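Each value in this text was obtained by applying a stated rule to the coordinates, not by laboratory testing. Since the structure is predicted, the reported quantities are computational estimates derived from the model, not experimental observations. Please note: Cβ atoms are built from the backbone with ideal geometry, for glycine as well, and neighbour counts cover all protein chains shown.
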Amino acid sequence: MTHPLEVRDMVVTSDRGRPILAVPRFDLAAGEAAVITGPSGAGKSTLLYAIAGLVTVAEGTVRWGETELSALGDAGRTAFRRDNLGFVFQDHMLFEELSALDNSALAAAYAPRRDRAALRAGAGQMLDHLGLKREGRGTHSYSGGERQRIAVARALASDPGIILADEPTASLDRATADRLTDDLLALSARGRSLLIVSHDPVLQARIGRKVQVLDGTLAA
Amino acid sequence: MLSVWDMVSATAQNIVLLVLLLLPGLVTGAIVLRGYAAGRLLWALIWAHRWVSLVFAMLIAVSVAIGTGLTAQERGLREGSAKAAEPFDLIVSAPGNEITVMFAAVYLQPTDMPLLDGPTYQAIADHPRVTLAAPIAFGDSYKGAPVVGTTPQFVTHLAADLAAGRMFATPEEAVIGADVPLQVGDDFSPAHNIGEAAEEGAHGDFAYTVVGKLPANGSPWDKALLVPVESVWEIHGLANGHTADWDGTLGPPFDPAFFPGTPAILVRAEALWANYALRSEFSTERTMAFFPGAVLARLHGLMGDVREVMSGLAILTQVLVAASSLAALTLLTRLLSRRFAVLRAIGAPRRFIFALTWSYASLLIVAGAAVGLILGLLTSRVISAVISARTDILVQAGLGWPEFHLVAGFVSVTVILALLPAALTLRRPVVSDLRS
């Protein structure tokens, strides 16, 4: 299920209370794709983490559809991420000792018993869709591109409506990065909301909407 | 309630106690892991840090091995020494130290002891409730093993059936313990004295012929060479206990006038209860009567106090090692913090991270404890063999319920302690860990 994102007057502060990110207004329609750009240290990743509910916002609101994420406690935000968000990180962040399928179906470890089989089935289908074989070997033996696709399969195993990606192509060669971009855009075309933090000019060029963060402020 | 408990068999009581000791740990595990299927992930984390995990588990294993090995060893020594003393109901000697006499008469650790004279022996042997009154004579040896002079009746009391051969019937015959490296038909010449002071050839050409061999009974008597007490007296230039018209039948009755003296008399009464009356009767100004079993019980009581202190120290060591390991594990969780942060970012609840950390620690504790039990068993067996070789008391240390209870209690306490490092992982900042 996709949700529109609505951020209003959001301020994120450091542990000592210093403002590190201010977002007066930001909207992302359900099924829309956008890329967040800006120099290193500007607050791009912080924005991604804030709208994922990984940091507590000091002021303002973050609303995904009917859910005001910023008003929820940690358990509520965690449950929202589990049910609605898929995360792709810069350097895969896989459990390299586990197989591709086990990595993709990681959520089955903490999901309710009744959902586990469906999660593993979904993870398997996603691996198939991304052209990866369901082998028993650990993911340390896969190439960088394959590992990032496993990470994508993990993000999509529970069929979330929102995909958040933090520099997903940063550690990939050009050809592999382009293939991953194709995969992500294909997901967006199928109605999932897509928000990507990226320095990659090729990826930026392929996504119509760009949002820039400068000195801790979102310049829409 | 207590009466119901008393009606239950000892095995059932031990099983119930084991379950009760394990229960806190099992309940903790059931609560912490409820609703999760963390097996694959847990294995991945342990495999990723397998060497560090192995060190933790081995530290725990060594501490458990020390604790269980110590208690198993102490019990084995206690049981072995008690079994060795079983044939000795009552010992009568000249007044002195009961422990010294017991060590000499039961465990064949010779020492200089005053002798009981003929009339004293006669009074004991003639007592209507005494069925066996065996004088013993120490002082000779053969290749380091004690040569003990006694009566055929006492040898029969030690072993009703010989493992080989027959009872000695002449002063030149001997029956040997199971571990003496001689066979029936072999001859040996006794040396005067024992150990470094042994004088070979002091008794001239006198030689015994082995005519019988005792079965093993796990005591120092397995290495002893038993000979007629008459011959021991004779080769030392003393009377042989009998009058000049002696028909050559070994053993009592002895004539008080020709009785050279004995350091101890091994007494057996017609019934168990009669031993108490005999002890009382023979505890006089000139004689000391005691039950080796009672002296041993006092020694074991003393050992028991030491055991309790040692067991306490062993448990303390185990808990300290476990606590150190858990403290180190807290540091290890920092290595895992990025992986935990990923799990949190993709929707894993805090309680899942808590469960994962706790099960990581608990698995190492349980594995370490299991390996420790095996190590403890192996170590105590090696030490038992060494003690048996040095004391000739058969010590058989094995794991028993006390060890299982000790380990069950240890596991329960430490897996509950493992909640602490698990709780600390809840405080980790997810975003900082993702960026680390």
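With a Förster radius of 22 Å applied to the beta-carbon distance between residue B:83 and residue B:390, the computed FRET efficiency rounds to 0.80. Once you reduce segment A:143-220 and segment A:2-34 to the center of their Cα atoms, the two points are 18 Å from each other.
What's the angle, to the nearest 10 degrees (0 to 90), between helix B:401-417's Cα axis and the longest principal axis of chain B? The two axes meet at around 20 degrees.
Among the trypsin sites (Lys or Arg not before Pro) found in segment B:60-148, those both in a DSSP coil and sparsely packed, with 15 or fewer other Cβ atoms within 10 Å of their Cβ, are B:129, B:143. For the pair residue B:320 and residue A:15, label points projected 7 Å from Cα toward Cβ lie 3.3 nm apart. For peptide A:86-95, the mean count of partner chain Cβ atoms within 10 Å of a residue's Cβ comes to 4. Amide H to amide H, with H built 1.01 Å from N, residue B:203 comes under 5 Å of B:192, counting only residues 5 or more places away or on other chains. Residue by residue along B:335-347, Cβ atoms of other protein chains within 10 Å of the local Cβ number 6 on average. Inter-label distance, residue A:215 to residue A:91: 3.1 nm, where each label sits 7 Å from its Cα along the C-beta direction. Note on segment B:365-409 and segment B:170-246: Cα centroid distance 38 Å, given to the nearest whole angstrom. Please give the residues of segment B:56-82, grouped as numeric ranges, whose backbone N is less than 20 Å from a label point set 7 Å along the Cα-to-Cβ vector of residue B:378. Counting backbone N atoms under 20 Å from the label point, the list is B:56-74.
Mean-square fluctuations from a GNM of chain A, with a 10 angstrom spring cutoff on Cα atoms, peak among A:210, A:133, A:44 at A:133. Taking 16 Å as the straight-line reach from the Cα of residue B:143, the lysines in range (excluding those fewer than 8 positions away in the same chain) are B:223. In order along segment B:39-47, phi translates into HN-Hα couplings of x, 4, 5, 4, 4, 4, 5, 5, 5 Hz, rounded to whole numbers, per the Karplus curve 6.51 cos²θ - 1.76 cosθ + 1.60 with θ = phi - 60° and x for Gly and Pro. Within straight-line reach of residue A:44, meaning a Cα separation under 19 Å, sit the following lysines at least 8 residues removed in sequence or on another chain: A:210. Between B:333, B:357, B:68, the Gaussian network model of chain B with springs among Cα atoms under 10 angstrom shows the greatest mean-square fluctuation at B:333. Classify segment B:119-262 from the C-alpha gyration tensor, please: rounded if a/c falls under 1.5, else prolate or oblate depending on whether a/b exceeds b/c. Oblate shape, in that a/c is at least 1.5 and b/c is the bigger or equal ratio. For the pair residue B:416 and residue B:172 in one chain, pulling the backbone fully straight at 0.36 nm per residue adds 80.8 nm over the alpha carbon distance. Pull up all non-local amide H partners of residue A:135: gap of 5 or more, or a different chain, and H-to-H distance under 5 Å with H placed in the peptide plane. Sorted by chain and number, the residues that satisfy this are A:100, A:101. Can you give me the angle between helix A:113-129 and the longest principal axis of chain A, using Cα atoms only, in degrees from 0 to 90, rounded to the nearest 10? Between the helix axis and the principal axis of chain A, the angle is about 80 degrees. The 3J(HN,Hα) values that the Karplus relation (6.51, -1.76, 1.60; θ = phi - 60°) gives for segment B:90-102 are, in residue order, 9, 10, 10, 9, 5, x, x, 9, 4, 5, 4, 5, 4 Hz. Gly and Pro appear as x. Computed from backbone phi, the HN-Hα couplings of segment A:101-108 come to 5, 5, 5, 5, 9, 4, 5, 5 Hz, rounded to whole numbers (Karplus: 6.51 cos²θ - 1.76 cosθ + 1.60, θ = phi - 60°; Gly and Pro given as x).
Would segment B:195-254 count as rounded, prolate or oblate if I go by the C-alpha gyration tensor, calling it rounded below 1.5 in a/c and otherwise prolate when a/b exceeds b/c, oblate otherwise? Because a/c hits 1.5 or more and a/b fails to exceed b/c, segment B:195-254 counts as oblate. Only Lys, Arg, Asp and Glu carry charge here, each on its Cβ (+1 for the first two, -1 for the last two); on that basis the protein assembly as shown has a dipole of about 5460 debye about its Cα centre. The alpha carbons of the protein assembly as shown stretch over 131, 50, 41 Å along the principal axes, in descending order.
An oblate overall shape is assigned to segment B:68-183, the ratio a/c of its alpha-carbon gyration tensor axes (a ≥ b ≥ c) being 1.5 or greater and a/b not exceeding b/c. Reported to the nearest whole Å, the Cα centre-to-centre distance from segment A:66-111 to segment B:96-123 is 82.
Helices in chain A, meaning DSSP H runs of at least 4 residues, each add -39500 (n - 2.57). Divided by all residues, the mean residue ellipticity at 222 nm is -10500 deg cm²/dmol. For residue A:90, nonlocal amide neighbours, meaning residues 5 or more places apart or on other chains whose placed amide H falls under 5 Å from its own, are A:166. In chain A, the alpha-carbon atoms span a convex hull of 120 Å³ per residue.
For chain B, modelled as a GNM whose springs connect Cα atoms under 10 angstrom apart, the maximal fluctuation among B:17, B:406, B:326 occurs at B:17. For segment B:351-436, the list of trypsin sites (Lys or Arg not before Pro) that fall in a loop by DSSP and count at most 11 other C-beta atoms within 10 angstrom reads B:427. Taking the C-alpha atoms only, the angle from helix B:50-85 to the longest principal axis of chain B is near 20 degrees. Estimated from helical segments only, the mean residue ellipticity of chain B at 222 nm is -18500 deg cm²/dmol, where each DSSP H run of four or more residues counts as -39500 (n - 2.57). Placing dummy labels 7 Å off each Cα toward the beta-carbon, the span from residue B:198 to residue A:121 is 8.4 nm. The stretch between residue A:29 and residue A:137 holds 34.9 nm of extra length on full extension. This uses 0.36 nm per residue minus the Cα-Cα distance. Peptide B:427-434 has a mean shielding of 3, counted as Cβ atoms of other protein chains within 10 Å of each residue's Cβ. Could you compute the FRET efficiency for residue B:370 and residue B:335, with r as their C-beta to C-beta distance and R0 at 22 Å, rounded to 0.05? Taking R0 as 22 Å, the efficiency between residue B:370 and residue B:335 is 0.30.
For trypsin sites (Lys or Arg not before Pro), the sites in segment A:162-200 that DSSP calls loop and that have at most 12 other Cβ atoms within 10 Å are A:190.
Highest mean first, the peptides B:288-297, B:240-249 sorted by other C-beta atoms within 10 Å per residue fall in the order B:288-297, B:240-249. With loop membership from DSSP and a limit of 14 other Cβ atoms within 10 Å, the longest segment of chain B without GluC sites (Glu not before Pro) is B:1-199.
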